[in-house]
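Participant: Provided herewith is a single structure, encoded as structure tokens, for subsequent inquiry.
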Amino acid sequence: MERPAWAPPGIDISVPSVSRIYDYYLGGSHNFEVDRQAARRAMEFMPGLPKIMQANRAFMRRAVRHAVDQGITQFLDIGSGIPTFGNVHEIAQAADPGSRVVYVDHDPVAVAHSQAVLVGNDRAGVAAADLRKPKDILAAPEVGRLLDLDRPVALLLVAVLHFLEDEDQPYAAVAELRDALPAGSLLILTHASYEGIPLTEEVAGGTVGVYRDIRSPLVMRSGPQIERFFTGFDLLEPGLVSMPDWRPERTAQGSEAEEDPYAFSGFAGVGRKA
């Protein structure tokens with residue numbers, strides 16, 4: 001297999017990556033054939049996966065703009081993936097040029113491309129770290145350089161917690177990050193669930209099986225299990241809902257709530273630390 005010039009040295013391009021699969025769903029070009037093959041297998045069971053990812057990104061953009069509207073200009077985006085158009089720093093800095101953003105990912109491709117995208121932007125940076133180790137995230141040099149943890153921060157956990165199994169202690173990881181942030185901070189979260197998917201659980205389970213086969217288990221949690229991540233946060237209206245239903249923006253073509261049924265898969269919410 002020929003190694004693309006943009007692939008960082010040392011990574012195994014024969015092993016699929018969830019961040020590169022996500023990039024493929026969004027129409028990006030920073031993925032390998034092995035990623036595309038895995039994505040196509042997953043889409044055999046759930047053809048609406050690209051629509052789900054688009055709804056996820058649209059929610060993220062609305063939530064970031066809401067944070068800036070509330071005076072929050074610091075963002076910690078964990079599991080940020082490969083940068084695509086309309087990423088957090090672009091949305092936040094368009095709304096307030098003083099916004100500061102730290103991206104965190106453990107995928108070397110995602111980290112390398114984030115670094116390339118952010119060249120010349122002294123208010124955004126990237127850290128190589130894993131959500132399973134919150135202390136490493138909080139101690140990362142870029143976090144110390146860019147974020148003042150005595151002032152409110154918007155913590156983004158968008159489409160990442162469903163890749164942590166219960167044995168990874170995801171609730172403890174979120175709690176540790178929460179406790180490091182001051183009152184007034186926001187938690188912006190999306191999570192996969194069987195709820196809302198316009199398929200039977202058995203059929204949708206085929207997609208879960210594809211992720212299990214590539215050793216990146218996809219954990220489908222229920223609404224109450226997902227809401228538990230907001231312990232210590234007050235959920236903002238309209239609460240924990242499908243992604244298009246979180247404060248949809250109306251356009252000349254209508255609202256996002258009129259989208260493809262797949263867009264309503266899973267849950268999204270924003271909470272404020274009391």
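Participant: What is the magnitude of the charge dipole of the chain about its Cα centre, with +1 placed on the Cβ of each Lys and Arg, -1 on the Cβ of each Asp and Glu, and no other charges, expressed in debye to the nearest 20? Don't skip to the end; give the middle numbers.
Facilitator: Working: 26 positive and 37 negative charges, 80 e Å.
Here the chain has a charge dipole of around 380 debye.
Participant: Counting only C-alpha contacts under 8 Å and six or more residues apart, can you give the relative contact order of the chain as a whole percent? The partial results should precede the final answer.
Facilitator: Values: 513 pairs, mean separation 52.4, N = 274.
So the answer I get is 19 percent.
Participant: Toward the positive end of the charge dipole of the chain, about the Cα centre and with charges on Cβ (Lys, Arg +1; Asp, Glu -1), which of 209, 17, 74 goes farthest?
Facilitator: 74
Participant: While we're looking at this one, here's another question. Of the beta bridges DSSP finds with both residues in the chain, what % are antiparallel, to the nearest 5?
Facilitator: On the way: 12 of 30 bridges.
Percentage antiparallel, nearest 5: 40.
Participant: Provide the FRET efficiency to the nearest 0.05 for the residue 212-residue 40 pair, computing r from the beta carbons and using R0 = 22 Å. The partial results should precede the final answer.
Facilitator: Details: r = 17 Å, r/R0 = 0.75.
Efficiency, rounded to the nearest 0.05: 0.85.
Participant: Using Cα centres only, tell me the gap between the range 178-209 and the range 42-111 in whole Å.
Facilitator: So the separation of the two Cα centres works out to 15 Å.
Participant: Go through the range 108-186 and name the GluC sites (Glu not before Pro) that are in a DSSP coil and have 14 or fewer other Cβ atoms within 10 Å of their Cβ. Please list the in-between numbers first.
Facilitator: Values: sites: 142, 165, 167, 176; in loops: 165.
Counting only loop positions with at most 14 other Cβ atoms within 10 Å, the GluC sites (Glu not before Pro) in the range 108-186 are 165.
Participant: Compute the distance in nm between two label points, each set 7 Å from the Cα along the Cα-to-Cβ direction, one at residue 225 and one at residue 150.
Facilitator: Using points 7 Å along Cα→Cβ, the separation is 4.1 nm.
Participant: At residue 250 and residue 166, where each label point lies 7 Å from the Cα along Cα→Cβ, what is the point-to-point distance in nanometres?
Facilitator: Roughly 4.4 nm, to one decimal.
Participant: Report the local net charge at residue 69: Lys and Arg +1, Asp and Glu -1, summed over other residues whose C-beta lies under 12 Å from its C-beta.
Facilitator: Numbers: positive: 62, 65, 247; negative: 96.
Taking every other residue near residue 69 into account, the sum is +2.
Participant: Rounded to the nearest percent, how much of the accessible area of the chain (1.4 Å probe, protein heavy atoms only) is carbon and sulfur? Spell out each step's value before the answer.
Facilitator: Values: 6040 of 11950 Å².
Carbon and sulfur atoms account for 51 percent of the accessible area of the chain.
Participant: For the range 29-90, state which chymotrypsin sites (Phe, Trp or Tyr not before Pro) are in a DSSP loop and have at most 14 other beta carbons lying within 10 Å of their beta carbon. Please report the intermediate quantities before stating the final value.
Facilitator: Details: sites: 32, 45, 59, 75, 85; in loops: 32, 85.
Passing sites in the range 29-90 are 85.
Participant: Next up: In Å², and per residue, what accessible area does the range 151-248 have when probed at 1.4 Å with the other protein chains present?
Facilitator: Counting only protein heavy atoms, the per-residue value for the range 151-248 is 42 Å².
The values are calculated or read from the model by the stated rules, or taken from the named source; none is laboratory data. Keep in mind the model is a prediction, meaning the values are calculated, not measured. A quick note on method: Cβ atoms are made from the backbone with ideal geometry, for glycine too, and the neighbour counts reach across all protein chains shown. Heavy atoms of the whole protein, side chains included, go into the accessibility calculation; ligands, DNA and RNA do not. Shrake-Rupley method; radii C 1.70, N 1.55, O 1.52, S 1.80 Å.
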